[in-house]
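A quick write-up on the structure given underneath.
Only the coordinates and a few stated rules stand behind these numbers; no lab work does. All figures in this text were calculated on a predicted structure; none of them were measured in a lab. Because the Cβ atoms are built from the backbone with ideal geometry, glycine has one as well, and the counts that use them run over all protein chains shown.
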Amino acid sequence: MSSAEQNLAFEQLVRPHFERLYRLAWRLTGAREEAEDLFQELLIKAYGKLDDLVQIDEPGSWLCRVMYNLFIDERRRFARRRMHTVEEGQLIGDGLEGMPGGNDPVRDNERLEKIRRLDRALAQLSDEHRVVVLLHDTEGYKLEEIQSLIDVPIGTIKSRLHRARARLRDILRADGTIT
Amino acid sequence: MQNDDSNRQDQEILALLKDYPMRAADAGFYEQALVRATHEGSRRQRNRWMLTGFGAAIAATVAAWVVGGLLLGTPELPGASDGAAIPGITIALQEPRTVNLVFASATSLESAMLTVSLPDGIELDGFPGQREITWETSLNEGKNLLPLTLVAVGTAGGELLARLEHDDRDRTFRLRVDVI
């Protein structure tokens, strides 16, 4: 296969999944730059495995799993360094400008403020809890889909979801977002 | 009554989560990502082939110690940023090399910002394509070690800068990186 044919085959395999993958990258990282880096690194890795990719029945699911593993590897590297990035834990604000507004500025402001507080609350969760609650409650992934992505038992996912929601409730109740 | 409150609060949180926004990818991002992937993927494949073909030792990580100084609170050491001889290392193309930078501090420091700026063609392992990486970190009194694993993806080499900032003080450490 020539280089041009190889590139075309790759594009045809991955392009249909771009939006899903970008959403996943965003939910995993919580920030645009990190999401773009993760997306880019996935494509580079996937290109190197084109021979495998052409034989996979569901390339979308495979790509999501590879992306999740890249994300986890990156986090572990940071943990070993005993440092954290400036952006880590600072999800606040990034992406909020993408919120559609309604016709009522007061209500919009209230909603925006609530989302900001949710942002801060999510930043206080562990990666494990944050990812599960965002994939399930925001992106609408089924438990089985999350299981195939992160490779832990359904019971563990349910437990993480329950704890994540409980922690969010505690934080948002304490700061008056919910009463 | 308490259960009713909890259920209502849970519903409110679920509604917020469903509404939780994310920004769509910038126009052109997907196209650029695709081009970079095919370009970079081809380059990595070529490098893998060359390494295998010539039976080279792959990815042996060798640590080099570059003891320099960022003496916060004391005069800057020669070689830090005053134009004196800059410490340097030589690394091989595509071969990860760990450089241990040693920073000294007169006192312990919380929430210092460390920024590593890389020359073209030199990457920090695990951060492909990134020219500048910033961490928040803490320093103990005395010597502090920062291992950086560098990978040369081009032959140009250049100067790596590690800038440490705390409050209104900062010091920049320079390291010459040559590629063979």
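Across peptide B:133-139, how many C-beta atoms of other chains are within 10 Å of each residue C-beta, on average?
Average neighbour count from other chains, rounded to a whole number: 4.
So, counting K/R as plus one and D/E as minus one, what does the shell of residues with Cβ under 9 Å around residue B:34 add up to?
Local net charge: 0.
Starting from the Cα-Cα distance between residue A:8 and residue A:147, subtract it from 0.36 nm times their residue separation and give me the gain in nm to one decimal.
46.9 nm
What spacing in nm lies between the two simple spin-label points modelled at residue B:165 and residue A:61, each 7 Å away from Cα in the Cβ direction?
Result: 4.7 nm between the two label points.
Under a crude label model (7 Å from the Cα following the beta-carbon direction), how far is residue A:19 from residue B:18 in nanometres?
Between residue A:19 and residue B:18, the simple spin-label model gives 1.9 nm.
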